[in-house]
Each structure stands twice: as structure tokens, then as C-alpha cells.
Amino acid sequence: MNRLVRSALLGNLLLILLAPHPGLAQGSLPDAAETPPASESTNPSSDSTPSQHVGWRSNFFDEVDGQLDMSNLLAKGGFISMPIIITEPAVDDGLGMAAYFVQNPPPGSDLPPTRTILGGAVTGNGSWGGGIMRSGSFAGGRWLYDVAAATGLAVLDFHPGNRDLALRYNNDIDYIGVKTRYRFGDSGFSLGPSLRWRRNDINLDTEDQFPRIEELAERKIELVSLGVAGHFDNRDNPLTPTRGLNVVAEFQRFDEAIGSDADFNTASLFGAWFHSWDQWTFAAMADAQVASEDAPFFMQPDINIRGLARNRYTGDEVLSSEIEIRRQLTPRWAAVGFGGYGRTFGDDDADAATWGGGVRYRIARKLGLDVGLDYAVGPEEEVVYIQFGHAWGMQMD
């Protein structure tokens, strides 16, 4: 039936290795308990009686409605474990596990939550990966930071010219990324530098048919970049937003002067907008990415929407977009529907459209954090995702 089941945590950890432009988990806004999402009702019905749980049960059940809830566990420094289940066509079946830690700031502060993700997975075609990421703030919240480290082996198919022809290559990758930004008061704007390093050991034989690819085969290449990123964020909740705008713009320069084996540039502009009324939430996102023509083939951006396998459509200029509508059914449960469209530009232009729906459960009421499932239909695959937070969490600030 479906060929892919992938969790958001797999995206956070393994896509650092598999995707051309690795993202970092980031935090930006105050505790969701201070500004709960508009679509969430934190009060049970008047005829309900809150369940009282003591001891270990208080870590897993909410004191307000008695439902399964991880807020208290996370507040005590605990974590939510998430399975990573993979049947991605490019890497075959796979399994893994990840732990998600969330530490809330003191009540009433404007500091973002501190988040840590640790995990890894292995797949049927020999791919494997693991890593750790952490995001938070320092200097009284004036500075935000994101750090990530990962290692693994990616066995992937590359589609030259976005054709059905697939070339399989092995990419043994080590990755470290650091980003920090200064917050300009309560304006929602932040700006700062980034530093990324990755070592790639490419194994591929194209029989001299694709020179841009062949020149990188059978060799190790180190890529080092210095960049600058500008952000704007006024979302009501960084985990599962229902109102506000998030914009992330970034430029990276890979240069031999700072130790890179290749000279090229990348740039990206991402925006996500959320609006709620009554029990409905409408959201839209667009993500534009550009890489200079001399960028290695595995650093080309790809169309990134639900229902489409990663790395299937790549190019030097790529646009991805989605819209989503959400209906809050109860204080805990919600239903979502979405549609996506992506396009690559240039000599190898291609496009793809997807659609689907899913369900959400409020797993941490005090944080406004949801988990759920999405079922997406694309031009080539039917995809089921395990979501942790919002589906655009990897791209958002």
C-alpha cells in the first residue's frame, strides 16, 4: 500500500544527512502555556470531573481532563520517546528510535523553550544515521542558538535531469552545524551568523556519462560554509502554531578560504502564515531555495512537500509550497487536510502536486504540542507520516 512511513523526528535527525540543506531544530517563542493556541480549549466541559493522578501516573495523565498527556513529564526534565518507522522507496524498510526533550522557561518570561533531540535509525538498503540537536537561548534570552551533530551513511538514488532514470550512490557523511542569532527586543526579528561543516565520502560509478557527478565520486570532500540568517517570528506557539507569521532567510558561502573543497553559494527564503477562527486554522507556506551551478549534485535543493519522496526532484532553483486547513474536534483531537505543489526551474525543470489529510492529538497540553498521522497522495507514492509538532517544523524558525 504505502511505500513510506517517516516520523518528523527522522526528518530532524536523518535528513541532516540525506537532505541537501540540513535544518536545525529551533526555538523562538514563550511557553505555549502562557499563550495557548486559539483553537485549543484548556477547560473540560462543565459536567466533567478532573481526574486526580498521583505518583508516576501524574507524569502521563493531565490533572485537568485526565487524558494522556506528557506535559508534567517534560516539565520535570523527562522526554517523549518516538519510534522511527521507515519504508522509504529509496532506502527500503527501516527502524529507529528518538527521544525528544523540552524544557520550558520560567512562567511569564519571553524566553523560548529549550529543546533537545537524540536518536538514530537503520534501513534495509544499508543506510543508517544518528545525531543530536539542541536549541535554546542564552544571555538572558537576547541570543538564540541551534547546534547539531550527526553521522551516518546515506544510500540514495539520484535522478539526473529529474528523469525516471535513477543512479544509486553511497554518501558517508559527518555533519556539525552551529547557528546563533541576536533578538531585537520584542520586534520578532533576529539576525546572526552560522557555521556548517560536513564531510562526504561519495561512491558512485556513472561510466563517465554525467561529469558533474563523476568528478565527486570515489573521493572525500569537505564542505565548510559561513552564512547569515535573518528571522521574523510572531507565532503564538513554536511547536504547533495556530496564529502568526514565521519567515526565515539564509545565505551560505562555501569557500576554499575557510577550508571548503568546493566554492559555491546557497540561499533560501521560507515563510509560513497561520490564521485561526472559531475551531478552524488555515496555514500556508512557501519555500524557495537556490544553489549556484557549481554546487555538488548532492547539495542541490529538492522539492520538499508531503507526499513526495525527498531528493526525487532536484535543481539549482526550487520552489515548494503547501496549504493546510485544520479543524479542532475536541480539546485534544483535530483533523487536518493539506495540498502541496513544487517546481524546479532551469534546464531540468519539473513539477509535482500532492494532497492528503491527517489527525492530531494534543500530547502536551501545557506546551501546545501535538502528535499525529498524515496520509499523503503524490504522483508516484502514497505516504504516511508520523508527525511530532507541526509538519513544517523542520523548516520553521
Length-normalised contact order of segment 249-325, Cα under 8 Å, at least 6 apart, in percent, tallies to 26
Taking segment 95-188, the equivalent ellipsoid from its C-alpha gyration tensor has semi-axes in Å, biggest first, of 36, 17, 11
Using eta = 1.002 mPa s and T = 20 °C, Stokes-Einstein with Kirkwood Rh from Cα pairs puts D for segment 336-397, in µm² s⁻¹, at 161
Normalised per residue, the volume inside the convex hull of the alpha-carbon atoms of segment 277-397 in Å³ amounts to 106
For segment 263-397, dividing by residue count, accessible area per residue (probe 1.4 Å) in Å² works out to 36
The summed charge of the residue 68 Cβ neighbourhood (under 11 Å; Lys/Arg +1, Asp/Glu -1) stands at +1
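The values are calculated or read from the model by the stated rules, or taken from the named source; none is laboratory data. In this text, all values refer to a predicted model and were calculated from it rather than measured experimentally. Cβ: placed from backbone, ideal geometry, glycine included. Neighbour counts: every protein chain shown. Accessible surface is based on the protein model in full, side chains and every heavy atom, while ligands, DNA and RNA are left aside. Shrake-Rupley method; radii C 1.70, N 1.55, O 1.52, S 1.80 Å.
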